1. Name the residues in segment 30-42 that are modelled with pLDDT of 90 or more and open to solvent by 60 Å² or more (accessible area, probe 1.4 Å), would you?
2. Having 3 or more residues that are open to solvent by 70 Å² or more (accessible area, probe 1.4 Å) is the bar; report the strands (runs of 3 or more DSSP E) wholly within segment 43-157 that clear it.
3. List pairs: first residue in segment 92-115 and farther than 14 Å from residue 44 by Cα and assigned by the TED database to the domain that holds residue 66, second residue in a loop (DSSP other than H, G, I, E, B) and open to solvent by less than 80 Å² (accessible area, probe 1.4 Å) anywhere in the structure, Cβ distance under 8 angstrom, at least six positions apart or on different chains.
4. Applying the selection to segment 1-25, what residues are surrounded by 10 or more Cβ atoms within 10 Å (Cβ to Cβ) and assigned to a helix (DSSP H, G or I)?
5. Which one of these does residue 85 not meet: (1) over 17 Å from residue 152 (Cα atoms); (2) in contact with a strand residue (DSSP E or B) (Cβ under 8 Å, 6 or more places away or on another chain); (3) at pLDDT 85 or above?
6. Can you name every residue in segment 132-147 that is within 8 Å of the chain's Cα centre (by Cα) and not aromatic (Phe, Trp, Tyr)?
7. Would you check if residue 32 is in the same structural domain as residue 132 (by the TED database) and of a type in the set (Lys, Arg)?
Amino acid sequence: MSEKERAWYQDGFVVLIVVVIIGYLAMAAFVRYAEYQEQQKPVAIPMLSGRIDYPFLSNPVWKVSAWHQCPAILRNGTLTVTVESDLLANGDARQYEVYSFESWSPNEDHAVEFEFPLHTFDPKQDIPISVTLSAKNAKSFVYRDAWLGKTWKSNQN
């Protein structure tokens, strides 16, 4: 090889093309691996129970307890409970509560309770609820139901 002929790796344009191709393949592999890791996470489904309490000399309060039964301790996440109803006190048609956690153990022993004050309670009018659970080590899950009378609307079917 003479001094005027350069090897392929000494040509800046060829090296740039090789670097771009390798970068693209590395990014594609990284994205696929991230998708694979996301698919391997378990689904954390929130479980709910509720009741209407009638405090002495006060308006009724709807208490909702939430827990999960994922086989692992959930890490770095949030549980958001949103209620939309005309029955809510303070004239709010929508109210939400957020529970943030670094770790949350499974089962009802570690339930979190939320309170939603009502200005009145009508057992024939449903109270819609939406629950979103997201954690670093579990797939996000959104659950919607409604409280009707003394139990969940989905239980009455």
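1. 30, 31, 32, 33, 35, 36
2. 74-84, 94-104, 138-148
3. 93/85
4. 14, 15, 16, 17, 18, 19, 20, 21, 22, 23, 24, 25, listed by residue number.
5. (1)
6. Passing the criteria: 132, 133, 134, 135, 139, 140, 142.
7. no
The values are calculated or read from the model by the stated rules, or taken from the named source; none is laboratory data. No experiment lies behind these values; they were computed from the predicted model shown. Methodologically, a virtual Cβ is constructed for each residue, glycine included, from the backbone with ideal geometry; neighbour enumeration extends over all protein chains shown. Calculation scope for accessible area: heavy atoms of the full protein, side chains included, ligands and nucleic acids excluded. Shrake-Rupley method; radii C 1.70, N 1.55, O 1.52, S 1.80 Å.
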